[in-house]
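S.K.: Mind having a look at this structure? Questions to follow.
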Amino acid sequence: MDRIYLVDTNVFITARDQYYSFRICPGFWDGIIQYHQKGGIFSIERVRRELLARPTTEDLFQWVKTELPSKFFFSSYSDEVMQAYDEIMLWVNQNPQYFKRAKLKFGRGADGWLVACAWVKSAVVVTNEASAPAAKKVIKIPDVCSQFGVRCEDTFSILSIFSFIFGRQGNDI
C-alpha cells in the first residue's frame, strides 16, 4: 500500500448503527480487516479505548476486542506523535474562535491524537465529520487536518479507494 488510512471512532459507530450493521453487511467489517492485513487501514489505541467504552454496542465491542488484531491500533506514545499533538493542542487552545468547552472536549478525546498520528505518519484520516470552519462550539477533525496539511477522507471515499465489494449473501430475492 502506498498510503495508510487512520480511522476515526465515528466511522465504526456510524457504520454499525446506520448502514453497515454486522447482521446485514458483514463484508464491510471483513473488508476493514482485509485491508488492514494489506497494510492500508489502521487506527490508534485511543480510538480503541473510545470504542470499548461503549459496551451498549455489544457486537462492535466484541468485534474490536476479538476480531481486530492488536497491530490495527497504533500507539500514540512516541515522541514524534506527542510533539505533533502538543502543536495541535497549542493551535486549538490559542484559537480564539473556539469556545473553551469545545477546546476541553477536543483535548479529552481521541481526535487530536488521531490527527497527530496521521501527521507524523503522512497518513490519511478517515472520519464522517464534515468541515465546519466557522464553528465555535465544536472542533471538527477536517478543520484541524486542514490546518496541519493532513489529508482527510470520509467512509465512502475509502470504500472507493480500496474497491470494497460487498458479496451477496442470504436468500436470492
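The values are calculated or read from the model by the stated rules, or taken from the named source; none is laboratory data. None of these values were measured; they are calculated from a predicted model. Cβ sites come from the backbone with ideal geometry, for glycine too, and all protein chains shown count toward neighbours. Keep in mind that these areas ignore ligands, DNA and RNA; they rest on the heavy atoms of the full protein, side chains included. Shrake-Rupley method; radii C 1.70, N 1.55, O 1.52, S 1.80 Å.
S.K.: In the range 85-97, is there at least one residue being surrounded by fewer than 22 Cβ atoms within 10 Å (Cβ to Cβ), within 16 Å of ILE44 (Cα to Cα) and touching a helix residue (DSSP H, G or I) at 6+ places or on another chain (Cβ under 7 Å)?
M.R.: yes
S.K.: Restricting the search to the range 55-66, which residues are more than 18 Å from PRO26 (Cβ to Cβ) and open to solvent by less than 90 Å² (accessible area, probe 1.4 Å)? Working first, answer last.
M.R.: Here is the first cut: in the range 55-66, the residues more than 18 Å from PRO26 (Cβ to Cβ) are 55-56.
Listed by number, the list holds a single entry, PRO55.
S.K.: Just for the range 1-22: of the residues that are over 14 Å from the mean Cα position of the chain (by Cα) and within 24 Å of LYS121 (Cα to Cα), which one is surrounded by the most Cβ atoms within 10 Å (Cβ to Cβ)?
M.R.: Checked the range 1-22; the qualifying residue surrounded by the most Cβ atoms within 10 Å (Cβ to Cβ) is ARG3.
S.K.: Any residue at all in the range 9-20 that's part of a loop (DSSP other than H, G, I, E, B) and among the aromatic types (Phe, Trp, Tyr)?
M.R.: Looking through the range 9-20, at least one residue is part of a loop (DSSP other than H, G, I, E, B) and among the aromatic types (Phe, Trp, Tyr).
S.K.: Using the structure shown, decide if TYR77 is within 17 Å of the chain's Cα centre (by Cα), within 22 Å of ALA118 (Cα to Cα) and among the hydroxyl-bearing types (Ser, Thr, Tyr).
M.R.: Here the answer is no, as TYR77 does not meet what is asked.
S.K.: Taking the range 161-173 as the search range and keeping residues that are loosely packed, with under 10 Cβ neighbours inside 10 Å and not basic (Lys, Arg), which one is modelled with the lowest pLDDT?
M.R.: Taking the candidates together, the pick is ILE173.
S.K.: Looking only at the range 23-54, count every residue that is at pLDDT 95 or above, open to solvent by 30 Å² or more (accessible area, probe 1.4 Å) and of a type in the set (Gly, Ala, Ser) and tell me the total.
M.R.: Looking only at that region, the number is 0.
S.K.: Return only the number of the condition from (1) in contact with a His (Cβ under 9 Å, 6 or more places away or on another chain); (2) surrounded by 12 or more Cβ atoms within 10 Å (Cβ to Cβ) that PRO69 does not satisfy.
M.R.: (2)
S.K.: Of all residues in the range 127-170, which are of a type in the set (Asp, Glu) and assigned to a helix (DSSP H, G or I)? Explain how you work it out, then say what you get.
M.R.: So in the range 127-170, the residues of a type in the set (Asp, Glu) come out as 129, 143, 153-154.
The answer is ASP143, and nothing else.
S.K.: Could you check how many residues of the range 110-138 are open to solvent by less than 30 Å² (accessible area, probe 1.4 Å), within 24 Å of ILE41 (Cα to Cα) and free of Cβ contacts under 8 Å to residues at least 60 places away in the same chain?
M.R.: 3
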